[in-house]
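Read-outs: derived from the displayed coordinates by stated rules, not from any lab. Just so we're clear, the structure is a prediction, and the values are computed from it rather than from any experiment. Here the Cβ is made from the backbone with ideal geometry for all residues, glycine too, and neighbour counts use every protein chain on show.
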Amino acid sequence: IINMSALDLQGKRVLIREDLNVPVSNGVVTSDARLRASLPTIKLALEKGAAVMVMSHLGRPTEGEYNSEFSMQPVVDYLEKALDCPVRLAKDYLDGVEANVGEVVVFENVRFNVGEKKNDEALAKKLAALCDVYVMDAFGTAHRAQASTHGVGLYAPVACAGPLLAGELEALGKAMDNPARPLVAIVGGSKVSTKLTVLESLSGVVDQLVVGGGIANTFIAAAGHNVGKSLYEADLIDEAKRLVANAQSRGGDIPVPTDVVVAGEFSPTASATLKPVEQVADEDMIFDIGPDSAEALAEILKNAGTIVWNGPVGVFEFDQFGEGTKRIAQAIADSSAFSIAGGGDTLAAVDKYEIADKVSYISTGGGAFLEFLEGKELPAVAMLESRGE
Ligand code: 3PG
């Protein structure tokens, strides 16, 4: 893969695909992690004397129509403050756009374009015609083969990886391809069904797979315990048993909590009760792991060589159900293992428990992060590989 850092960009028209898909509320960006991560790439292109164009999607608008709710304007406002140069939004850019050295032109949401999501060839060629160099830097969207992440790179004169994408691939590769062992993965979240494929592949490679949240409830049920009114998936119990057997056949395990925190309702004011997992009653809902289980997991994390974290182990938005996730966060922060955290909820937990500077690498990917963990080839990366060394 060609790396942008190695290229001479003086006077070149450089089109950078970033993942600037961030949450926006009332016209203001509410979480800027992805924007911050893209800044070094944009600054490097400016320093190299390029005429810089940046494009991204934001949300999932209906294609073919402008919708102010999904406009890139809030991102432009943010970049204007973060960068020391003029930043402007281009609404109509497909038939040509003026970009000058020393300024940044941000294209309006690429998903307003007809053909973006189906990777339309004519659209990809129009984007490619706007630049001398195409930089794919959107790790968070590298699992999508779309016109702005894939097709454009096939037709641009030069296609290369930006520093953010290159850094993500290096860090995730270090964790998954030849990890320092034991390799421990924590996969939380509400449903086994949305993470079944990643659980499946991780159970075949990691030394310990820690499940949390609603996912853990299905494993608790698979171990023969009552989960009361907790969120779980009865139809995936056999699947959960198979995953445990798979992990155990390799000398690993998928431990279930021995104690849990339950409540009778899902609400910020619900009162939390600690119980041994065997004593969960029919009216209980499990919202967190208990302190014994959290301590056992902390011990596993302490001895890990590599830690991969995706998903909280409890409803940490409500403090009374956040102790388990907090303990895990602290254990990761204290561990000398190479650690990676990725996914929206996980990054919110990293922020809440203030461990960002103690995690070895924080990924900007959600779906892309999971697909990488599954060992899937990311289409945008495959495209860059096809374009050169
Ligand atoms: C993400 O947030 O995971 C990426 O920006 C991809 O967004 P998408 O799932 O709408 O393609």
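For the range 1-20 versus the range 63-87, the spacing of their alpha-carbon centroids is 20 Å.
What's the exposure ranking of 52, 350, going from fewest to most Cβ atoms within 10 Å?
Values: 52 30, 350 23.
In increasing order of surrounding Cβ atoms, one gets 350, 52.
Give me Rg/Rg_expected for the range 316-364, where Rg uses Cα atoms only and Rg_expected = 2.2 N^0.38 Å with N residues.
Details: Rg = 10.2 Å, N = 49, 2.2 N^0.38 = 9.7 Å.
Against the compact-globule rule of thumb, the ratio is 1.06.
The ranking of 225, 57, 143 by Cβ neighbour count inside 10 Å, starting from the fewest, reads 225, 143, 57. Once the convex hull of all Cα atoms in the range 46-126 is built, its volume per residue stands at 95 Å³.
If I take all pairs of Cα atoms in the range 144-197, what percentage of them are more than 17 Å from each other?
Tail of the P(r) past 17 Å holds 64 percent of the pairs.
What separates the Cα centres of the range 257-324 and the range 170-206 is a distance of 20 Å.
Give me the net charge of residue 320's neighbourhood, meaning all other residues with Cβ under 13 Å from the Cβ of residue 320; Lys, Arg count +1, Asp, Glu -1. Spell out each step's value before the answer.
Details: positive: 326; negative: 265, 288, 317, 319, 323.
Neighbour charge sum, excluding residue 320 itself: -4.
Beyond 23 Å in Cα-Cα separation lie the following of the pairs 229/352; 43/126; 195/241; 174/358; 191/241: 229/352; 43/126.
Report Rg/Rh for the chain, rounded to two decimals, where Rg is the Cα radius of gyration and Rh the Kirkwood radius. Intermediate values should be presented prior to the final figure.
Numbers: Rg = 22.5 Å, Rh = 22.1 Å.
The Rg/Rh ratio comes out at 1.02.
When the expected Rg is taken as 2.2 N^0.38 Å, what fraction or multiple of it is the alpha-carbon Rg of the range 344-389? Show your work: numbers first, answer last.
Details: Rg = 14.2 Å, N = 46, 2.2 N^0.38 = 9.4 Å.
Rg over 2.2 N^0.38 Å, computed on Cα atoms: 1.51.
Under the rule of -39500 (n - 2.57) per DSSP H run of 4 or more residues, summed and divided by the residues of the chain, what mean residue ellipticity at 222 nm is obtained, to the nearest 500 deg cm²/dmol? Don't jump to the answer; show the numbers that get you there.
Numbers: 13 runs with 135 residues, N = 389.
It comes out at -10500 deg cm²/dmol, rounded to the nearest 500.
For the range 125-226, the alpha carbon convex hull comes to 119 Å³ per residue, rounded to a whole number. Taking Cα atoms only, the orientation of helix 291-302 departs from the longest principal axis of the chain by about 50 degrees.
Neighbour counts of other C-beta atoms within 10 Å: give me 154, 79 arranged from fewest to most. Numbers along the way, then the final one.
Values: 154 16, 79 23.
By the 10 Å Cβ count, ascending, the order reads 154, 79.
Return an integer: the convex hull volume of the alpha-carbon atoms of the range 181-336, in Å³ per residue. Intermediate results must be reported in sequence, preceding the final value.
Values: hull volume 14.5 nm³, N = 156.
With only Cα atoms used, the range 181-336 gives 93 Å³ per residue.
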